[in-house]
Amino acid sequence: MAQMPKRPNRPAPYADLTNLIDAAGGCAPNSRAEIAAATAAVVVEVGRREHAEVGAGDRARFVALADRVGIDTLADLWRDADPVSLPGALWALYLLRQWCHTNPDEVTRLWRAGEALAGADAVVAGVADYADVVAVRRVADAVLGGAYQGDFAVALERAAALFRVVAAGRRELAPSGERGDGERELANRNERVATDLAAAASRWRAGTLN
């Protein structure tokens, strides 16, 4: 995945998440791991409950969480979590959406190059037949939105599939020899994220994703 763009301003860090934890009557976790787990659990619980009660409008509020609190705030909370954990999986979903919204041309280029090489994953990810920047942004929102509607594991599996297609595209487009080593390493990282997301999906279905 491309490097995360820096944000010039950091809007109200932690404000929304703190309010969510307070409203849910949560404890006051001490360690970074406890904070990551607590915030992730509350975001998923409240987001899924409010979507069930209120509908798609509230789901959109949680999809756009990074837009409101800042992607760097979510990074502080979740980036260092075990990738096969609830905060680690949420971080991957939000970072995927951020990437698709801020670098849609790059994602589209990689998707088109990898789609034919990873056809089954392309179907699971659910991008339109001819991907363009609008389709890429739309599917990123839909994948993250799936975390708050329906089967959370399916959202993780769709994200994993998208990462696999992108990885295939990176390898296809990478220059031969040493010039392409950087892209191939990024492809390996994309595949590792996909593997972690698939493992997280399995744990969610087993009721052991924390």
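Assorted remarks:
For (1) at pLDDT below 85; (2) over 25 Å from Asp151 (Cα atoms), each residue gets a yes or a no:
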residue: Thr18; (1), (2): yes, yes
residue: Gly26; (1), (2): yes, no
residue: Ser31; (1), (2): yes, yes
residue: Ile35; (1), (2): no, no
residue: Arg97; (1), (2): no, no
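- Only one entry of Leu96, Leu117, Leu144, Leu74 meets the criterion of being of a type outside the set (Lys, Arg), under 19 Å from Trp204 (Cα atoms) and out of contact with any strand residue (DSSP E or B) (no Cβ under 8 Å at 6 or more places or on another chain), and that entry is Leu144.
- When segment 100-126 is filtered for residues that are out of contact with any Leu (no Cβ under 6 Å at 6 or more places or on another chain), over 20 Å from Ala64 (Cα atoms) and of a type in the set (A, V, I, L, M, F, W, C), the ones remaining, listed by number, are Leu110, Trp111, Ala116, Leu117, Ala118, Ala120, Ala122, Val123, Val124.
- Scoring Ala64 on the criteria (1) touching a Pro at 6+ places or on another chain (Cβ under 6 Å); (2) surrounded by fewer than 20 Cβ atoms within 10 Å (Cβ to Cβ) leaves a single failure, condition (1).
The values are calculated or read from the model by the stated rules, or taken from the named source; none is laboratory data. Everything quoted here is computed from the prediction, not taken from an experiment. Note that each Cβ is placed from the backbone with ideal geometry, even for glycine, and that neighbours are counted across all protein chains shown.
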